[in-house]
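Here's the structure, in structure tokens; my notes come after.
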Amino acid sequence: MKILIIEDEPELRNVVQSFLEAEHFIVEYADDYQSGLEKIISYEYDCILLDIMLPNGNGMDLLKEIKAMHKKDPVIILSAKDSVDDKVNGLEIGADDYLAKPFHLAELMARIKSVIRRKNQDGENTISYKNIHIDPESRVVKIDDNELILNRKEYDLLYYFVVNPEKTLQKTMLAEAIWGDYIDQADSLDFIYSQIKNLRKKLKTLNSQADFQAVYGIGYKFI
């Protein structure tokens with residue numbers, strides 16, 4: 001799962017980024033209004049952490065841009081402004097949650113999990129497709145009642161397919177979902193094929209009812 005932090009305070013941003021990466025999230029960041037807008041336009045995120053006070057712009061205006069583009073990425077506002085008016089304004093514009101600074105990292109994690117659960121799982125603790133069941137909080141995957149052992153990238157890839165079932169997903173989208181900002185380090189997108197090949201083998205060993213279908217020249221879909 002991929003998180004975008006839009007925050008101009010380096011110390012706070014680095015602490016949050018390190019914490020989330022330790023929790024197995026892919027984390028990208030922007031430190032001003034324009035770079036944040038460019039990332040939002042170009043990519044999709046499981047959650048956006050948005051500061052209100054940004055260089056060259058305002059977080060509330062950036063939130064309006066997100067909603068004008070009809071993006072579904074959940075947004076949690078992080079702000080030193082703890083007034084009722086700011087909270088109400090942010091939530092009315094379309095933020096999913098509001099957390100005042102300073103905050104505990106454990107509370108931030110709980111808020112992130114909550115908005116992701118509401119977005120992808122209809123409020124349920126697990127997300128399922130066919131006989132595949134994923135618990136995002138524990139990162140446990142089961143096929144029927146049997147646990148499927150996956151490495152980090154295999155898990156991220158499978159999760160992305162399960163929350164986007166029967167949709168054709170381009171290779172670049174899949175690469176960004178599991179590599180984030182580090183995608184430029186990949187020589188080609190051939191690693192997607194090898195990851196899916198390994199995943200398919202593991203799914204078949206536990207009699208998965210879903211499988212990958214190659215869409216020539218585009219990518220894959222999960223059917």
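The values are calculated or read from the model by the stated rules, or taken from the named source; none is laboratory data. Predicted model only: the values in this text are computed from it and were never measured. Virtual Cβ from ideal backbone geometry, glycine too; neighbours counted across all protein chains shown.
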Determine whether LEU50 is part of a strand (DSSP E or B), surrounded by 22 or more Cβ atoms within 10 Å (Cβ to Cβ) and out of contact with any Cys (no Cβ under 9 Å at 6 or more places or on another chain).
yes
Among (1) of a type outside the set (Phe, Trp, Tyr); (2) under 17 Å from the mean Cα position of the chain (by Cα); (3) within 20 Å of TYR220 (Cα to Cα); (4) surrounded by 20 or more Cβ atoms within 10 Å (Cβ to Cβ), where does ILE132 come up short?
(2)
Which residues, counting only those in region 1-32, are of a type in the set (Val, Ile, Thr) and part of a strand (DSSP E or B)?
ILE3, ILE5, ILE6, ILE26, VAL27
Can you spot a residue in region 94-106 that is more than 15 Å from GLY59 (Cα to Cα), assigned to a helix (DSSP H, G or I) and of a type outside the set (Lys, Arg)?
yes
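Residues are listed down the side, and each one gets a yes or a no for (1) surrounded by 14 or more Cβ atoms within 10 Å (Cβ to Cβ); (2) in contact with a strand residue (DSSP E or B) (Cβ under 8 Å, 6 or more places away or on another chain); (3) assigned to a helix (DSSP H, G or I); (4) not assigned by TED's automatic domain parsing to the domain that holds ALA177:
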{"residue": "MET60", "(1), (2), (3), (4)": "yes, no, yes, yes"}
{"residue": "ILE77", "(1), (2), (3), (4)": "yes, yes, no, yes"}
{"residue": "VAL88", "(1), (2), (3), (4)": "no, no, yes, yes"}
{"residue": "GLU92", "(1), (2), (3), (4)": "no, no, yes, yes"}
{"residue": "ILE112", "(1), (2), (3), (4)": "yes, yes, yes, yes"}
Spot the failing condition for SER42; the list is (1) exposed (fewer than 15 other Cβ atoms within 10 Å of the Cβ); (2) closer than 24 Å to ALA100 by Cβ; (3) of a type in the set (Gly, Ala, Ser), and only one is missed.
(2)
